[in-house]
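Asks: Just dropping this structure here.
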Amino acid sequence: MNRRVAGAVALGVGAVLAVCGSLLELFRAEFRVGPDRVDSQVLTAWRTTFDSAGAQAPETFPGWGWGYSIVAAAVLAVVGLVLLFRSPFAGAVGRFVVVAAGGVLIGTTWSAYATLDGMFDDIAMINGGVAFGPGLWVLVLACLALTAGAALVQEWPERAPRPEGPAVYRVDGDDEDTPPFGIPIPTDEIDVDGEGNPPSGGNPSTVER
């Protein structure tokens, strides 16, 4: 299984977990208002339900709207997953789409957690019990799956192989001023005859160029 297939599987799992997490309880609070009376409040990504012991039936109200963005993130993940196995251009678009899907889901999950954590602090001051529901933890798993999938399907640039052994650098060019081995010797002070021979009686000088 290559990286793209593994990433596609993770994206599919993350999309399913996101939808399931939006249907489960995100938060539950119970209020003890009497010796034998306990009221409860349950929040999901779609609605809020109040269950009072004195009421005939639980009251349901629209939620905070997190369900729409969660479903949008799941749809983006599926669309990006399909584009990954199309043309190279569609694959590039799909890689961008799955990153956007992960960002939307992470942002929505964090918004839900921050909001419910604030409610947790307020309700904890009242005589009652509060707890995060399983839906929030499922959303966290969905965020991890989408993040891993988006990272696996990216085409990272390949690193150049490191050379083995000593590295040899060569500079090409004509350097007439400095010989390869030695110090340049001025030749304008050496007396030579018209044919370029050294003066008689002296040791011939060798100039290395």
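The values are calculated or read from the model by the stated rules, or taken from the named source; none is laboratory data. A quick note: this is a predicted structure, and the numbers were derived from the prediction, not measured. Because the Cβ atoms are built from the backbone with ideal geometry, glycine has one as well, and the counts that use them run over all protein chains shown. SASA here: full protein model, heavy atoms, side chains in, ligands and nucleic acids out. Shrake-Rupley method; radii C 1.70, N 1.55, O 1.52, S 1.80 Å.
Asks: If you check Ser111 against the conditions, is it at pLDDT below 80 and open to solvent by less than 70 Å² (accessible area, probe 1.4 Å)?
Replies: Taking the combined requirement at face value, the residue does not satisfy it.
Asks: Going by the conditions given, is Arg86 open to solvent by 20 Å² or more (accessible area, probe 1.4 Å), touching a residue at least 24 places away in the same chain (Cβ under 8 Å) and out of contact with any Lys or Arg (no Cβ under 6 Å at 6 or more places or on another chain)?
Replies: No, not satisfied.
Asks: Here's another thing I want to ask about it. Out of all the residues in segment 50-74, which are surrounded by fewer than 16 Cβ atoms within 10 Å (Cβ to Cβ) and touching a residue at least 12 places away in the same chain (Cβ under 8 Å)?
Replies: Asp51, Ala53, Gly54, Thr60, Phe61, Pro62
Asks: With over 18 Å from the mean Cα position of the chain (by Cα) and assigned to a helix (DSSP H, G or I) as the only criterion, which of Ala101, Ala114, Ala92, Ala10 stands out?
Replies: Ala114
Asks: Mind listing whichever residues of segment 59-89 are within 19 Å of the chain's Cα centre (by Cα) and assigned to a loop (DSSP other than H, G, I, E, B)?
Replies: Passing the criteria: only Leu84.
Asks: Now for a different question. Any chance segment 23-36 includes a residue that's open to solvent by 30 Å² or more (accessible area, probe 1.4 Å) and either at positive phi or part of a helix (DSSP H, G or I) (or both)?
Replies: Yes, segment 23-36 contains at least one residue that is open to solvent by 30 Å² or more (accessible area, probe 1.4 Å) and either at positive phi or part of a helix (DSSP H, G or I) (or both).
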